[in-house]
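Have a look at this one.
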């Protein structure tokens with residue numbers, strides 16, 4: 001027994017260590033750096049920090065974090081991190097600074113993804129080694145690493161739990177499994193609205209696969225479920241209650257998103273969605289993968305190229321094909337393999353853009369769906385059926401379809417090759433990250449420009465230094481205002497309030513307040529009163545350092561109301 005448990009856990013530990021040391025810890029520079037650039041990652045840290053401060057009572061309104069001031073509802077302009085903040089708050093409570101807590105939050109999300117996928121694959125019926133290999137693909141394959149600029153997508157652990165529960169319901173008709181599908185779907189929505197929608201699409205595709213595989217009838221499953229589940233256990237009642245509460249939370253969240261969207265008239269033009277629909281060439285792109293980038297080097301002309309990094313990896317493709325053949329021809333886990341394969345095919349062709357046409361565009365004008373513009377991110381959900389087919393391929397190649405105790409020497413060699421083939425592509429990936437010091441220096445540059453006598457009701461406005469992208473100044477203002485507990489007209493998110501003026505000119509702060517006044521029809525006196533509260537700073541033109549970061553007291557912080 002001990003020997004078998006040892007053999008079960010060794011692959012788990014090896015593949016997890018490969019993902020951690022081959023990519024995750026490199027991405028955070030062993031807690032000296034953070035994934036992504038100085039844009040989206042810092043924005044996500046602002047949202048997480050806002051939730052931490054709200055939970056601890058130092059932030060007033062949940063839905064209005066204080067950026068894009070005086071417009072309200074800024075948290076509903078983009079992802080909100082309701083479901084992931086529980087993995088950030090504890091690190092802040094342990095007195096880690098925001099950058100270190102953010103790095104721990106990122107690492108935790110990656111580890112949870114691997115553990116959840118491994119557990120799901122084991123529940124489906126794969127061996128310990130095959131489940132570990134499939135979990136590695138789900139958590140650390142190239143398309144996943146390529147989303148490091150969008151760290152709001154890191155928490156995907158609910159996807160394998162929902163999908164494995166769905167397969168269990170199909171096999172057994174167990175009502176508990178159906179409740180778990182519902183629960184994990186709601187959890188994924190709370191972690192990421194994007195991935196919640198994509199998980200829903202995956203479950204729809206899997207349902208279509210079941211219908212096709214059972215000759216257009218779900219009646220046997222429903223009848224078996226009704227026969228088997230005549231009573232309610234305490235565990236089922238508890239899971240159902242949590243699922244219902246989660247559903248209420250998601251409904252409330254969507255109501256707030258809808259309300260804010262209606263108030264400000266947010267919409268996504270179809271042209272924007274079209275630029276981020278997967279092409280066939282998208283599945284060849286892995287620009288930052290040293291071993292796997294060459295197929296994409298000849299591909300040009302893809303808009304938003306960074307969103308189209310969808311190449312699975314050579315090792316993944318080989319094992320996926322072997323798994324698809326093994327399940328459908330050799331009959332290794334035929335039903336599960338069929339559902340995974342058909343689900344993957346439906347997701348690929350349902351979102352594929354060919355000559356500007358895509359089936360995905362047909363329902364794109366449905367309210368809510370048009371907010372999901374970066375459709376290529378659906379690859380993060382595709383990796384669930386991919387991981388199942390990979391695990392099936394590993395079972396055939398490395399295990400010969402036999403249990404561990406009957407594994408041959410050649411199977412052991414093949415298992416080693418599988419491990420090296422999968423982990424090598426991940427280890428050769430070049431992380432895109434920024435140092436803690438870069439985050440802190442930008443904050444310090446603004447603090448050095450602040451006046452000694454800044455009032456508590458001040459409205460901070462940070463102007464863009466010449467030659468920089470506008471969003472850096474916007475996020476600088478958001479972070480510094482959050483640290484000081486004041487409001488700011490600066491803002492960066494998935495949406496902007498009506499008439500938002502970016503910080504390109506000195507008058508941008510006053511322009512934003514004019515936009516606010518015009519939108520709500522406010523009298524000129526009220527707008528003028530708001531303008532008198534503006535503290536405008538231009539870090540690139542700060543003549544002397546003030547008390548917050550330097551020796552001299554005088555400084556070039558200007559009030560736009562003067």
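Please treat every number below as a calculation from the coordinates, not as lab data. Remember, predicted model here, so these are calculated numbers, not experimental data. Note that we place each Cβ from the backbone using ideal geometry, even for glycine, and neighbour counts take in every protein chain shown.
Can you give me the angle between helix 193-213 and the longest principal axis of the chain, using Cα atoms only, in degrees from 0 to 90, rounded to the nearest 10?
20 degrees
Shifting gears a bit: Among (1) 25.5, 84; (2) 26.8, 89; (3) 24.5, 77, which one is Rg and Dmax of the Cα atoms in Å computed from these coordinates?
Label of the calculated value: (1).
May I pose another question? Any chance you could run the full-extension gain for residue 354 through residue 214? It's 0.36 nm times the residue separation minus the Cα-Cα distance, nm to one decimal.
My answer for the length gained is 47.3 nm.
Can you put 274, 440, 147 in order, fewest other beta carbons within 10 Å first? Walk me through the numbers on the way to the answer.
Numbers: 274 18, 440 14, 147 22.
Listed from fewest to most nearby Cβ atoms, that is 440, 274, 147.
Moving to a separate point now. For residue 248 and residue 9 in the same chain, what is the full-extension length gain: residue separation times 0.36 nm, less their Cα-Cα distance, in nm?
Details: separation 239, 0.36 × 239 = 86.04 nm, distance 3.82 nm.
Working it through step by step, the gained length comes to 82.2 nm.
7 Å from Cα along Cα→Cβ at both residue 430 and residue 455: what's the point-to-point distance in nm?
Distance between the two pseudo-spin positions: 5.1 nm.
Could you let me know the centre-to-centre spacing of the range 239-290 and the range 70-108, using Cα atoms, in angstrom?
Here the two parts' Cα centres lie 19 Å apart.
Ok, one more. Using mean Cβ contacts within 10 Å as the protection proxy, how do 24-31, 352-359 order, highest first?
Highest to lowest by the protection proxy: 24-31, 352-359.
How many percent of DSSP beta bridges within the chain run antiparallel, rounded to 5?
50 percent
Counting other C-beta atoms within 10 Å, which of 307, 443, 474, 466 has the fewest, and how do the rest follow?
Fewest-to-most ranking of 307, 443, 474, 466: 466, 443, 307, 474.
How tilted is helix 175-191 with respect to the longest principal axis of the chain? Cα atoms for both, answer in degrees (0 to 90, nearest 10).
30 degrees
Let me ask another. Sort 71, 266 so that the residue with the fewest other Cβ atoms within 10 Å of its own Cβ comes first and the one with the most comes last. Present the calculation step by step, with values, prior to reporting the outcome.
Details: 71 24, 266 19.
Neighbour counts put them in this order, fewest first: 266, 71.
Shifting gears a bit: Working from Cα positions, state the angle (0 to 90°, nearest 10) between the long axis of helix 40-55 and the longest principal axis of the chain.
The two axes meet at around 80 degrees.
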